[in-house]
Amino acid sequence: MHASTPQRGRPAKLSREAIVAAALESDLRAVTMRELAGRLGVSHSALYRWVSDRDELFDLVSEVMVERILPGSEPTPDTWRAWLRDLAWKMHDEFLAVPGYAVQVAAPHRHNPAAFGRLRDRVVHAFTAAGASPEMAEQSWYTFGLGVVQWLGAHQTGYDIGPEAPRFDLFLEVLLRGLPAREA
């Protein structure tokens, strides 16, 4: 067995982590690959070797965001509502901390199947722990996910919707009181 020889040449300027970090400092509604390459100090062609387009960039960002928001514990029949409340507040804090992220997630587009699949699976599990059937747990995921993401997207756009800013805490309590979904 031979000892590995250190590689010669310049160290790589790019990594998945560096690309995501630079993207998280950008306004995701408007960032271009050329602008992101400039932030990273590389040519846009070098960036394209790592990320083929904005969709792939958003997939990388979403992987990091989902990791940040998923609670470490599993929901149980006694904790499912608190677990979902914790998740929603983490979504609130993390999504709104990145300019344009909530707006991008709320807009119709292809979501990262791996990252959002993990999020979906954990939320469906929470509703199943609450006693919902698999079908109703899935429907509850759609209600919860769309409700939270649309609220965050609307909030981040800064639309003037009246003299009182809508309160996330009130929205979330009303949402969670109506879930999990049940057959009429």
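To keep it simple, each residue is scored yes or no on (1) in contact with a helix residue (DSSP H, G or I) (Cβ under 8 Å, 6 or more places away or on another chain); (2) open to solvent by 20 Å² or more (accessible area, probe 1.4 Å); (3) more than 20 Å from Phe171 (Cβ to Cβ); (4) modelled with pLDDT under 95.
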{"site": "Trp80", "(1), (2), (3), (4)": "yes, yes, no, no"}
{"site": "Trp83", "(1), (2), (3), (4)": "yes, no, no, no"}
{"site": "Pro113", "(1), (2), (3), (4)": "no, yes, yes, yes"}
{"site": "Arg118", "(1), (2), (3), (4)": "yes, yes, yes, no"}
{"site": "Val123", "(1), (2), (3), (4)": "yes, no, no, no"}
{"site": "Gln139", "(1), (2), (3), (4)": "no, yes, no, no"}
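Taking the residues in the stretch 60-117 that are among the acidic types (Asp, Glu) and farther than 17 Å from Leu24 by Cα as candidates, determine which candidate is nearest to the chain's Cα centre (by Cα). Ranking the candidates gives Asp86 first. Starting from residues that are assigned to a helix (DSSP H, G or I) and aliphatic (A, V, I, L, M), keep the ones in the stretch 71-99 and report whichever is nearest to Leu179 (Cα to Cα). If we take residues in the stretch 71-99 being assigned to a helix (DSSP H, G or I) and aliphatic (A, V, I, L, M), then Leu84 is nearest to Leu179 (Cα to Cα).
Search the stretch 149-170 for residues that are over 19 Å from Arg85 (Cα atoms) and open to solvent by less than 90 Å² (accessible area, probe 1.4 Å) and pair each with any residue that is of a type in the set (Asp, Glu) and part of a loop (DSSP other than H, G, I, E, B) when their beta-carbon atoms are under 6 Å apart and the residues are at least 6 apart or on different chains. Hits for this filter: zero, empty list. Between Val42, Val98, Val51, the distinction of being open to solvent by less than 60 Å² (accessible area, probe 1.4 Å), closer than 28 Å to Tyr159 by Cα and of a type in the set (Val, Ile, Thr) belongs to Val98 only.
The values are calculated or read from the model by the stated rules, or taken from the named source; none is laboratory data. Predicted model only: the values in this text are computed from it and were never measured. Ideal geometry is used to build each Cβ from the backbone, glycine not excepted, and the neighbour counts take in all protein chains shown. The protein model used for the area step is the full one, side chains on, heavy atoms only, and it has no ligands, DNA or RNA in it. Shrake-Rupley method; radii C 1.70, N 1.55, O 1.52, S 1.80 Å.
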